[in-house]
Amino acid sequence: MDFAIDVRNISKSYGDVVALGNVDLQVRSGSVMGLLGPNGAGKTTLVRILTTLLRPSSGSATVLGYDVVRHARHLRSVIGLAGQSAAVDDLLTGRENIQMAGRLYHMPRKQVQKRAQELLEQFDLVDAADRSVKGYSGGMRRRLDLAASLVANPPMIFLDEPTTGLDPRSRLDLWEVIRNLVSEGTTVLLTTQYLEEADQLADEITVIDIGKVIAQGTAADLKHQAGSEFIVITVREAEEAKRAAAVLEKFADNDECEINEEDRTASIMVQDGASIMVQVVRSLDAEGIVVANMAVRQPTLDDVFLALTGRTAEEAATESEPTEN
Amino acid sequence: MIRPAQIQDRSPVGEFFSAIAVEARWIISDTFIMTWRNLLRYRRSPELLLFSTLSPIMFIFLFNYVFGGAIPTGDLNYIDFLMPGILVQTTLFSATTSGVGLAEDLQKGMVDRYRSLPMARSAVLGGRVSAETIVSLFVACLMLAVGYILGMRLHGGFWPGFALPFMVAGFAFGFSWVSALVGASVRNPESAGSMMFFVVFPLTFLSSAFVPIESMPGWLQPFTKINPITNAVDLGRSLSQGGPIVEDAVITALWTLGMTFVIGSVAVWRYRKV
Ligand SMILES: Nc1ncnc2c1ncn2[C@@H]1O[C@H](COP(=O)(O)OP(=O)(O)OP(=O)(O)O)[C@@H](O)[C@H]1O
Ligand SMILES: [Mg+2]
């Protein structure tokens, strides 16, 4: 098998904080790998190691056949990185930002100019191209950062939370750009905190938690582990939630119903929520339970996490925060 | 097209030197690009240049008219005595911008972009330092023009006078590497800025820049005499007013080269490790 990324037993510690512990990861050429994890899981640390910004404490990794430590210089000329915070230069215009990146990839001047124009068009930045980046919105900065990382047409690209801070429309646009890249054969590694995003873009997903890989597979595999969907019923009175739960249990995949008295909700895991919704409502009605609201919810990172680790992603993020002593 | 035969013909030694030649070419072209980028700051906001020239010009006026009469400078007019000193001080202050800018890039994550590119690592620092040196040269020439209006004259001849702005810019170039090292170590533009202010400000006053060393208390004189800024200022004075230059020129050149190569290497090393 031809792997674009081959990570063997990589660890990285910052003093006492273990950011990554014995991580293994293989990414097939031309595929999209989604690295999914809560705050502090170690996503950025792994991306920084693979893009030569950080040396691993132990273990080895190759990207496109280049060792990330020994062949760092060569590796840099064949990868693109759009980091977690947009690295754009406020002093320059959008066009100059892209051109400068191109020149520093050592591309010929003519080719850089042509490529910059292409990218400005592709990322909808033509109108702002010759304005100083100082006045760009957060979304424009992200798009420019991504454009600059693509200037040399690298066969491998790293995107660290590319859609964080984007509005829903820009997010969809960016997904489209990433899909186009993949259709041209680029290998992509992207990190995200959203299962939905990984589901939309990635061929394969790796879930990491406190520096450890805890699951690997397709989105469908992961969702399956988390129970495919949730039906969430909200009742009028808190006491009714228990009665509703008794009814709902029968429909649940695992015969369990989770009650949240505060929110007056009862929720169950099911395979296909929409198809049994009507039956659920009828049964509740027959018991005389008044339903205030009902919804079918897709599983989130939280659900996957809960299923895999027994705690929510939010709890995991708080735990991995370095403790002061 | 490169013929494969040509590559095979190369001896390992030839291979080594051609690799070095390629490397050197990239270092130069990358440094050039980074210099251009840093100079763009002034094209975008020319008022920055205005501020960095207005305050030294204000100092020329204040020193000349407020202290001028009270400071005995032998057979030199005070303005003739003052100008080399204030040129050195101003260009040293302007050199601190290198470190502040570098710290700013590090803090804003701009450096992550550079470090993920196949560019020469030293070019990020080299570009900063070169850009500030060009600005220093410009500011020095402008200040000389102001000095001329206030009555300063080049009594040491045309060519030594012509060399004066280049000499102070060269010394500032050396000091830029010190400032780059501070910037790469501190990584916070405000701290880098104030740290260097506390170095440059006292060091320039504890030199021959504004008053003759002989007028200082005896216990202070040994320090002011070994202060390299004294050598740079004295060299500037000899260039503009005539006088022996060799000793000061050698000492100033050694300091400049030392700061460039020794401190510069440490700064590049620090930056690589970030
Ligand atoms: N420079 C550093 N010094 C000390 N600890 C660090 C450093 N960088 C990261 N860490 C720690 O390493 C762990 C992993 O951090 P990392 O930034 O890789 O997480 P992440 O998954 O990218 O999180 P986020 O979603 O917040 O971006 C965290 O516990 C973090 O506190
Ligand atoms: Mg991160």
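Quick one: count up the residues across the stretch B:88-104 that are more than 11 Å from the chain's Cα centre (by Cα) and either open to solvent by 10 Å² or more (accessible area, probe 1.4 Å) or more than 14 Å from every other protein chain (Cβ to nearest Cβ) (or both).
4
Counting residues that are of a type in the set (Gly, Ala, Ser) and more than 23 Å from the chain's Cα centre (by Cα), which strands (runs of 3 or more DSSP E) fully inside the stretch A:1-102 reach at least 3?
In the stretch A:1-102, A:58-63 are the strands (runs of 3 or more DSSP E) which contain 3 or more residues that are of a type in the set (Gly, Ala, Ser) and more than 23 Å from the chain's Cα centre (by Cα).
Quick check: is even one residue across the stretch B:251-271 in a loop (DSSP other than H, G, I, E, B) and either charged (D, E, K, R) or surrounded by 15 or more Cβ atoms within 10 Å (Cβ to Cβ) (or both)?
No, the stretch B:251-271 contains no residue that is in a loop (DSSP other than H, G, I, E, B) and either charged (D, E, K, R) or surrounded by 15 or more Cβ atoms within 10 Å (Cβ to Cβ) (or both).
Which condition from (1) in a helix (DSSP H, G or I); (2) modelled with pLDDT of 75 or more is the one that A:ASN293 breaks?
(1)
I'm checking my understanding of the structure. Among residues of the stretch B:105-128 that are among the hydroxyl-bearing types (Ser, Thr, Tyr) and within 11 Å of chain A (Cβ to nearest Cβ), which one is surrounded by the fewest Cβ atoms within 10 Å (Cβ to Cβ)?
Here the answer is B:TYR114.
Only residues that are touching a residue at least 60 places away in the same chain (Cβ under 8 Å) and open to solvent by 60 Å² or more (accessible area, probe 1.4 Å): list them for the stretch A:217-239, please.
A:GLN225
Among the numbered conditions (1) open to solvent by 40 Å² or more (accessible area, probe 1.4 Å); (2) in contact (Cβ under 8 Å) with a residue 12 or more places away in the chain, tell me where B:PHE198 comes up short.
Checking B:PHE198 against (1) open to solvent by 40 Å² or more (accessible area, probe 1.4 Å); (2) in contact (Cβ under 8 Å) with a residue 12 or more places away in the chain, the one that fails is (2).
Could you list, in sequence order, all residues of the stretch A:266-307 that are under 21 Å from A:ALA198 (Cβ atoms) and loosely packed, with under 13 Cβ neighbours inside 10 Å?
Of everything in the stretch A:266-307, those that are under 21 Å from A:ALA198 (Cβ atoms) and loosely packed, with under 13 Cβ neighbours inside 10 Å turn out to be A:GLN271, A:ARG297.
Can you tell me which condition A:GLY165 does not meet? The list is (1) touching a residue at least 12 places away in the same chain (Cβ under 8 Å); (2) away from ligand 2 (no atom under 16 Å from the Cβ), and all the others hold.
Only one criterion in (1) touching a residue at least 12 places away in the same chain (Cβ under 8 Å); (2) away from ligand 2 (no atom under 16 Å from the Cβ) is unmet by A:GLY165, namely (2).
What's the number of the condition A:ASN153 fails, among (1) within 27 Å of B:THR31 (Cβ to Cβ); (2) open to solvent by less than 60 Å² (accessible area, probe 1.4 Å)?
Here A:ASN153 clears every test but (2).
In the set A:VAL232, A:VAL207, which member is at pLDDT 85 or above, within 16 Å of ligand 1 (Cβ to nearest atom) and part of a strand (DSSP E or B)?
Residue meeting the stated conditions: A:VAL207.
When you go through A:LEU248, A:LEU166 one by one, which is the residue that is assigned by TED's automatic domain parsing to the domain that holds A:VAL7 and hydrophobic (A, V, I, L, M, F, W, C)?
A:LEU166
Does the stretch A:90-113 contain at least one residue that is within 14 Å of another protein chain (Cβ to nearest Cβ), loosely packed, with under 15 Cβ neighbours inside 10 Å, within 16 Å of ligand 1 (Cβ to nearest atom) and at pLDDT below 95?
No, the stretch A:90-113 has no match at all.
Right, A:ALA198: more than 16 Å from ligand 2 (Cβ to nearest atom) and open to solvent by less than 50 Å² (accessible area, probe 1.4 Å) or not?
No: the conditions fail for A:ALA198.
Which of the numbered conditions does A:ALA129 fail, given that it passes all the others? Conditions: (1) within 14 Å of chain B (Cβ to nearest Cβ); (2) away from ligand 2 (no atom under 16 Å from the Cβ).
A:ALA129 satisfies all of (1) within 14 Å of chain B (Cβ to nearest Cβ); (2) away from ligand 2 (no atom under 16 Å from the Cβ) except (1).
What is the residue count in the stretch A:1-39 for residues that are over 13 Å from A:GLU161 (Cα atoms) and either within 14 Å of another protein chain (Cβ to nearest Cβ) or within 13 Å of ligand 1 (Cβ to nearest atom) (or both)?
Residues that pass the stated criteria total 13.
Every residue, every condition in (1) modelled with pLDDT of 95 or more; (2) open to solvent by 10 Å² or more (accessible area, probe 1.4 Å); (3) not β-branched (Val, Ile, Thr), yes or no:
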{"site": "A:ASP2", "(1), (2), (3)": "no, yes, yes"}
{"site": "A:ILE10", "(1), (2), (3)": "no, no, no"}
{"site": "A:VAL18", "(1), (2), (3)": "no, yes, no"}
{"site": "A:ASN22", "(1), (2), (3)": "no, yes, yes"}
{"site": "A:LEU25", "(1), (2), (3)": "no, no, yes"}
{"site": "A:ARG28", "(1), (2), (3)": "no, yes, yes"}
{"site": "A:GLY37", "(1), (2), (3)": "no, no, yes"}
{"site": "A:ALA41", "(1), (2), (3)": "no, no, yes"}
{"site": "A:THR52", "(1), (2), (3)": "no, yes, no"}
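So which residues in the stretch A:103-130 are in contact (Cβ under 8 Å) with a residue 24 or more places away in the chain, under 30 Å from A:GLY65 (Cβ atoms) and in a helix (DSSP H, G or I)?
Within the stretch A:103-130, A:VAL112, A:ARG115, A:ALA116, A:LEU119, A:GLN122 qualify.
Since A:VAL151 meets every condition but one in (1) away from ligand 1 (no atom under 16 Å from the Cβ); (2) part of a helix (DSSP H, G or I), which condition does it not meet?
(2)
Specify the residue that is modelled with the lowest pLDDT; the eligible residues are those in the stretch B:29-56 that are within 12 Å of chain A (Cβ to nearest Cβ) and open to solvent by 90 Å² or more (accessible area, probe 1.4 Å).
Residue satisfying both the conditions and the ranking: B:ARG43.
For residues in the stretch A:182-195 being among the aliphatic types (A, V, I, L, M) and away from ligand 2 (no atom under 16 Å from the Cβ), which is surrounded by the fewest Cβ atoms within 10 Å (Cβ to Cβ)?
Ranking the candidates gives A:VAL182 first.
So A:LEU190 clears everything in (1) outside any strand (DSSP E or B); (2) more than 27 Å from A:VAL296 (Cα to Cα) except one condition, right? Which one?
(1)
The values are calculated or read from the model by the stated rules, or taken from the named source; none is laboratory data. Predicted, not measured: the structure shown is a model, and the values here were computed from it. FYI the Cβ positions are ideal-geometry reconstructions off the backbone, even for glycines, and counts take in every protein chain you see. Remember, those area values only see protein heavy atoms, side chains included, never the ligands or the DNA or RNA. Shrake-Rupley method; radii C 1.70, N 1.55, O 1.52, S 1.80 Å.
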